[in-house]
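What follows is a single structure, written as structure tokens, with notes after it.
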């Protein structure tokens with residue numbers, strides 16, 4: 001088992017990072033740190049994907065000098081998926097930040113537990 | 001290729017286009033544009049459904065110019081077309097019925113953005129029904145999540161903001177989990193299109209390679225989509241979000257948005273992993289326990305609520321439990337019943353949310369039961385719609401809910417050993433609990449108010465228009481039509497599901 005973890009070093013680390021991000025997003029009380037956790041988690045998945053597509057000693061799949069041999073290039077599909085994923089996580093970060101700004105303007109705190117308590121006290 | 005075969009693609013494009021156009025229109029024009037688009041999508045998908053019924057089975061539609069192992073595809077079969085037809089009809093009727101009190105919840109100059117999100121949610125729902133590509137499915141899961149969050153955020157008060165934040169946090173966890181699952185699946189198979197994935201996974205299963213990653217993938221995808229569809233232990237975000245969102249958003253969220261995720265999970269089970277492989281894992285047992293617990297504890301929580309909308313929200317958790325219980329049987333009959341129950345819930349829940357909102361508005365915006373006494377006399381159409389939808393949720397004959405409960409229990413009878421009795425007991429108990437809170441509410445809203453209460457009755461805030469009432473009653477009529485003419489729809493579901501594996 002440890003040898004397998006060492007062989008797939010990138011995957012091992014990305015899953016550890018995913019765990020860190022997941023825990024931050026789920027359990028941390030500070031909303032900004034939750035968003036940081038979200039970004040760590042998403043980036044971990046991108047590391048996982050890119051390392052799947054990377055083949056040591058090969059180039060990025062952009063045809064240069066007319067070389068069209070498949071053996072020269074890495075797998076472009078995971079890179080494409082990562083690009084799409086980055087767009088998605090940027091929009092999520094934006095929408096979360098917008099929510100946090102609104103919450104902060106209203107309650108003057110970033111602590112989700114405090115905000116929940118304050119919201120409960122408001123009249124419905 | 002027949003021209004009709006393009007219609008699913010057209011309907012998706014139409015919704016996306018609608019989302020762009022409505023962002024620059026004013027409130028009224030945006031409303032009519034969205035209603036028109038939803039109706040057009042309904043007509044297009046109904047024609048597609050008719051086409052799939054006339055021809056045998058299903059077809060794959062190539063998106064762009066790249067053939068199967070590389071390009072993107074949508075797949076159209078009877079099941080997808082039937083669900084798309086009914087869901088877009090429900091979307092149309094929900095919007096038509098529910099927009100009457102949007103002014104109470106959202107600033108008028110920003111209301112066109114509500115319709116942008118409704119268009120996007122419909123587009124994402126259609127893509128999740130039709131897509132043949134797992135990564136496209138992921139992208140539209142995210143679009144659906146953003147649209148759903150914005151549909152909650154329409155209302156600008158503290159409770160709604162907190163609910164929207166909680167909704168986002170849970171859904172972001174679920175999205176990342178799903179993405180990790182899809183990435184791992186890509187890592188062990190090298191494919192993203194569903195038919196190719198199914199072949200590779202079957203080969204892996206036979207050769208015994210990558211068993212642990214496969215189990216992890218199944219768990220990650222199940223948990224991710226389970227959180228998003230408010231499956232029982234992951235439902236914590238749901239009641240708050242449904243209660244604090246505007247009623248029309250709550251109807252769309254619990255009726256339609258969550259169904260897209262469940263259908264995607266069904267597709268993953270049948271068309272990506274293969275139900276044989278799923279049965280060999282223990283994931284169905286976990287779903288079974290969660291489904292049963294959701295059915296009972298969701299209803300128990302619903303009984304304890306004082307706010308009528310919170311009660312409906314908890315009842316939603318219970319109904320999702322029914323769907324997952326049917327799915328967890330792992331048999332054809334069980335999944336057919338689960339999909340039919342999905343439809344039943346998709347039609348009844350928007351009607352419940354909107355009619356409850358109409359009655360509370362007519363009673364001076366008091367949401368607790370005490371003030372709802374006699375509310376059905378103040379808003380008669382809403383009273384009728386609430387009664388019929390409640391009857392469907394309880395499972396009274398002639399309504400669609402009855403058919404799905406009969407189907408679920410007959411499917412449960414063929415389960416081996418002890419599971420059979422658990423299913424029947426849970427169904428009986430949950431029906432009883434449903435009857436307690438729904439029929440109690442129905443009796444309460446039809447109780448004549450006392451003279452004193454009549455004198456002090458608050459004036460209605462913003463009554464429904466005729467067109468809203470008509471749409472609401474059409475939703476109720478749809479519940480009864482589905483109950484009486486369930487045969488052809490179940491036939492479509494059955495044949496469509498057979499063509500999955």
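Highest average first, the peptides B:124-132, B:402-410, B:52-60 ordered by how many other beta carbon atoms sit within 10 Å of their residues are B:124-132, B:402-410, B:52-60. Shielding value for B:166-176 is 6, the average number of Cβ atoms from other chains within 10 Å of each residue's Cβ. Between the Cα long axis of helix A:76-107 and the first principal axis of chain A there is an angle of about 10°, rounded to the nearest 10. Cβ crowding within 10 Å ranks B:341, B:370, A:28 as B:370, A:28, B:341, fewest other Cβ atoms first. Distance from the alpha carbon centroid of segment B:1-79 to that of segment A:9-68 works out to 34 angstrom. Counting every other Cβ atom within 10 Å of each residue's Cβ, B:307, B:240 order from fewest to most as B:307, B:240. Using the alpha-carbon atoms, what tilt in degrees (0 to 90, nearest 10) does helix B:7-22 show relative to the longest principal axis of chain B? With rounding to tens, the tilt is 50 degrees.
Each peptide in A:71-78, B:294-301 was scored by the mean count of other Cβ atoms within 10 Å over its residues; highest first, the order is B:294-301, A:71-78. Among the residues of A:2-15, the average count of other protein chain beta-carbon atoms within 10 Å of the residue beta-carbon is 1. Could you state the angle between the C-alpha long axis of helix B:134-153 and the longest principal axis of the C-alpha atoms of chain B, as a value from 0 to 90 degrees rounded to the nearest 10? Taking the Cα atoms of chain B, the angle to B:134-153 is about 10 degrees.
Please give the peptides B:168-176, A:51-59 ranked by average Cβ packing (other Cβ atoms within 10 Å per residue), highest first, as a rough proxy for protection.
Values: B:168-176: 23.9, A:51-59: 13.3.
Order by mean packing, descending: B:168-176, A:51-59.
Rg over Rh for the protein assembly as shown works out to 0.97, using Cα positions for both radii and the Kirkwood form for Rh.
Could you list B:188, B:262, B:312 in order of exposure, starting from the residue whose Cβ has the fewest other Cβ atoms within 10 Å? Mind showing how you got there, number by number?
Working: B:188 17, B:262 24, B:312 32.
Neighbour counts put them in this order, fewest first: B:188, B:262, B:312.
Please give the average number of partner chain Cβ atoms lying within 10 Å of the Cβ of each residue in B:481-494, rounded to a whole number. Intermediate values should be presented prior to the final figure.
On the way: counts 0, 0, 0, 0, 0, 0, 0, 0, 0, 0, 0, 0, 0, 0.
So the per-residue partner count for this stretch is 0.
Here, each number is a calculation from the coordinates, and none is a lab measurement. The structure displayed is predicted, hence computed values, not measured ones. Note that we place each Cβ from the backbone using ideal geometry, even for glycine, and neighbour counts take in every protein chain shown.
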